[in-house]
Amino acid sequence: MENEDNLHLRNFTEILVDETLDRLWDEMGEICKCKRCRFDTKAIALNNLKPNYTVTEQGEIYTKLNNFRNQVQVDLIKEVLNATFIVKSRCSHYSN
């Protein structure tokens, strides 16, 4: 039986979207990178990707290994880029 102190509930897809956002946005110039635009972009991408919840560290390790498959990486990049361009074209905050 596992120690309940080691349990957590995480959507591993959210972690991967954050990592992909960081990587892609470092390479992009002409976009707003404020907190609101980041959250909007992240929400759009996550709504188009399959959630992948883990409860234990062992489950998280399995999920990490499983997510190194090429198609998962392609889907992440595609959805994050698509969401970035949607937010850029329909920015929901006012620029100063």
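Taken together, the values in this text are just the output of simple stated rules run on the coordinates, not laboratory data. Quick caveat: nothing in here was measured; it's all calculated off a predicted structure. Virtual Cβ from ideal backbone geometry, glycine too; neighbours counted across all protein chains shown.
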**Message:** I need the shape label for region 1-53. Rule: rounded when a/c is under 1.5, else prolate if a/b > b/c, else oblate, with a, b, c from the alpha carbon gyration tensor.
**Reply:** prolate
**Message:** Assuming a strict under-13 Å limit between Cα atoms, what lysine pair count do you get for region 4-89 once near-sequence pairs (fewer than 8 apart, same chain) are dropped?
**Reply:** 4
**Request:** Can you put CYS37, CYS91 in order of Cβ neighbours within 10 angstrom, beginning with the fewest?
**Result:** CYS91, CYS37
**Prompt:** Which value, in debye to the nearest 20, describes the size of the charge dipole of region 4-89 about its Cα centre when Lys and Arg Cβ atoms bear +1, Asp and Glu Cβ atoms bear -1, and nothing else is charged?
**Reply:** 360 debye
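Using just the Cα positions, wrap region 4-89 in a convex hull and report its mean projected area in square nanometres, one decimal place.
Values: hull surface 24.2 nm².
Computed as one quarter of the Cα hull surface, the answer is 6.0 nm².
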**Complete:** For region 32-40, in residue order, the Karplus 3J(HN,Hα) values (coefficients 6.51, -1.76, 1.60; θ = phi - 60°; whole Hz; Gly and Pro = x) are 6, 10, 5, 4, 4, 5, 5, 5, 4
**Calculated FRET value between GLU14 and SER89, using beta carbons and R₀ = 30 Å, to 0.05** = 0.80
**Request:** Taking the Cβ of each residue in GLU79, GLU4 as the centre, tally the other Cβ atoms inside 10 Å and list the residues starting with the fewest.
**Result:** GLU4, GLU79
